C-alpha cells in the first residue's frame, strides 16, 4: 500500500476501514467477495512503499471487517519482502479467516494451487474455485521456486481440472497482465484471455495490473462452449495515484461482479458482469468515494474533490468505453442478496442469503476487488 495512504490511517496502523467505508455496503451485499492483495505484509513490521512494498496486517483485518471473503495473492509485488513476506501475508489472511490463492508456504501447499469457497443458497451448495497468477515478479526471483504462481495456461488448466475434481462448480481466475495506465487491453491480454477460454475450464477471468479500468467482454469457448467472461482490469481499489502523478483514471476503480445462477438441474452458469465506479479522494483523507453518487450530486462530509474533478473522471470513464464493460451492466445500487452474515465462515463457506424455494434457480453474485492495496 502506498505510504501516504498508510499514514492517513489511525496512528499509521494500516486500518483502512474508514478509508474504504463507501464501498463496504456494496461488498457486503455480495455472496462471495474476492479481493486482489497486490502487496505483501511486512514480516518485520517495518512498512514500505514503492518499489518494494510491505504493508500492515491491519490492512488484512480491515478487509475482513469490510466484507471480503478471500484474496488473490499472486502479483508482481508478491516477492517484494521475500519468502518471509509471503508467509506473513498468508498468516495474516488465515488469522482473519480469509481464503487465499496464488502464493504458498510450502511445495505441498503449491501442489493445490486453488482455494475453494462453498456458498449455501436455495437449499444447495455451490463451490467456487479461485486461482491466482501473475506475469512476473518485477525482476525478482521466486524465493523458493514454488512460492508464487505465474501466468501459464497449461498450469492453470491443470489447476482448474483439479479444482473441479475437488468439487468446484465454478472456476474464477485472477491474473496480472497488461500495460500500466493503458485503458485498452493489449494483444497479450486478449490472447491470454482467449487461450484460457479455449481450455473450456475457466468460467471468469479477472485481470489486473494496468491500474486503470479497462473493458470486459464475453469470449468464445469457455466451459461447455458457453463462453467465458473476462474483465481485463478493474483499476485501483485504494491508492495514492491520480491523474497528476500517473495517468487519467488511475484514481478510478470499478467493483466488478458476476451474476451466477445455480440451476435446479445442478448446473451453474455465469449470466453477466456488472460494475460500479469508485474514485480516490486524496485531499479528503485518502478516502474511497462512490463516483456515480458524486456524479449524481452527493456531497459526503469531508469531500476533497471539486465538481470539475468529479465531472472529468466521470467523463473519462464513460467516454473512453470503460463504462460499457462490453456486454456488462452498470447498476445504480448495491445488490443486497442476503441478510446478516455474522455467522459466515469466511474463506471457506458463506451463507449470507436465506434459503430459497427448493427446485428453483437461485442467483449468486460474486465479485473481485480492483487492485491497488
Condition met for residue 157 (in contact with a helix residue (DSSP H, G or I) (Cβ under 8 Å, 6 or more places away or on another chain), surrounded by fewer than 24 Cβ atoms within 10 Å (Cβ to Cβ), touching a residue at least 24 places away in the same chain (Cβ under 8 Å) and assigned to a loop (DSSP other than H, G, I, E, B))
no
Mind counting the residues in the range 163-184 that are surrounded by fewer than 17 Cβ atoms within 10 Å (Cβ to Cβ) and either modelled with pLDDT under 95 or not in a loop (DSSP other than H, G, I, E, B) (or both)?
1
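Name the residues in the range 45-71 that are farther than 21 Å from residue 21 by Cα and touching a strand residue (DSSP E or B) at 6+ places or on another chain (Cβ under 8 Å), would you?
So in the range 45-71, the residues farther than 21 Å from residue 21 by Cα come out as 45-54.
Once the filter is applied, which keeps residues that are farther than 21 Å from residue 21 by Cα and touching a strand residue (DSSP E or B) at 6+ places or on another chain (Cβ under 8 Å), the range 45-71 yields 46, 47, 48, 54.
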Please work out which one of (1) out of contact with any helix residue (DSSP H, G or I) (no Cβ under 8 Å at 6 or more places or on another chain); (2) buried (at least 24 other Cβ atoms within 10 Å of the Cβ) is the condition residue 274 fails and give its number.
(2)
Here the residues within the range 231-249 that are in contact with a strand residue (DSSP E or B) (Cβ under 6 Å, 6 or more places away or on another chain) and free of Cβ contacts under 8 Å to residues at least 12 places away in the same chain are none
Counted residues in the range 132-150 being over 17 Å from residue 100 (Cα atoms), within 20 Å of the chain's Cα centre (by Cα) and crowded, with 16+ Cβ neighbours inside 10 Å come to 2
Looking only at residues in the range 50-75 that are in contact with a helix residue (DSSP H, G or I) (Cβ under 6 Å, 6 or more places away or on another chain) and assigned to a helix (DSSP H, G or I), which one is farthest from residue 100 (Cα to Cα)?
57
Given the criterion surrounded by 18 or more Cβ atoms within 10 Å (Cβ to Cβ), in contact with a strand residue (DSSP E or B) (Cβ under 6 Å, 6 or more places away or on another chain) and outside any helix (DSSP H, G or I), identify the matching residue among 78, 88, 92.
78
Could you tell me whether the range 250-259 includes any residue that is within 20 Å of the chain's Cα centre (by Cα), touching a residue at least 12 places away in the same chain (Cβ under 8 Å), assigned to a loop (DSSP other than H, G, I, E, B) and closer than 20 Å to residue 214 by Cα?
yes
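The values are calculated or read from the model by the stated rules, or taken from the named source; none is laboratory data. Just so it is clear, the structure is predicted and the values come from calculations on it, not from any experiment. Backbone-built Cβ (ideal geometry, glycine too); neighbour counts: all protein chains shown.
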